[in-house]
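The structure appears below as structure tokens.
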Amino acid sequence: MLTRGETNRALHAFTVSSGLFGAWGQTLGMGTAVFTGYILSLGGTASDIAFYTALASLMAPVQILVSLFSRWIPNKKRWILYNGFLESLFRGLLVAIPFLFVESLHKQILLLFLALGLVAGFMYTPFYSGWPALFR
């Protein structure tokens, strides 16, 4: 049983992390106006936008596989932090594509970074909902 202070601290951590995650989703989320405009600026078409948006649903079964193998993950806190860092890294690198790669590679690199970011995100998602419970 959690004490009153531990409960307040856990609820505060959950509220802050959920708020940050919501802001992240609104600014860098798939299917938003920002993401759609960015794909168009890289030379993408409507079918590219549809494919990249559908990619999130196509990669979602990774969550099920990670849940099945969760007992072999010894340190779930480290797992969440490591994969959260990788997701942020690859999703953040999307902005650098026009500066780091030649124009002919933009869509391929976008697909690579997007897929790696989604996989990293889906690798920690099953444990993220239990985040406050890990800090007991």
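Values computed for the structure shown
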| item | result |
| --- | --- |
| Test: residue in the stretch 55-75 that is aromatic (Phe, Trp, Tyr), in a helix (DSSP H, G or I), over 23 Å from ALA96 (Cα atoms) and modelled with pLDDT of 80 or more | yes |
| Residue that is nearest to LEU68 (Cα to Cα), among those in the stretch 98-126 that are of a type in the set (Phe, Trp, Tyr) and surrounded by fewer than 18 Cβ atoms within 10 Å (Cβ to Cβ) | PHE101 |
| Options ALA96, ALA133; residue that is in a helix (DSSP H, G or I), farther than 28 Å from PHE51 by Cβ, modelled with pLDDT under 95 and among the aliphatic types (A, V, I, L, M) | ALA133 |
| Subset tally (residues that are in a helix (DSSP H, G or I) and surrounded by 12 or more Cβ atoms within 10 Å (Cβ to Cβ)) for the stretch 38-49 | 5 |
| Residue tally, condition without any contact (Cβ under 8 Å) to a residue 40 or more places away in the chain and part of a helix (DSSP H, G or I), over the stretch 22-37 | 11 |
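The values are calculated or read from the model by the stated rules, or taken from the named source; none is laboratory data. Worth saying up front: this structure is predicted, and the values here are computed from it rather than measured. For neighbour counting, all protein chains shown are included, and Cβ atoms are generated from backbone atoms with ideal geometry for every residue, glycine included.
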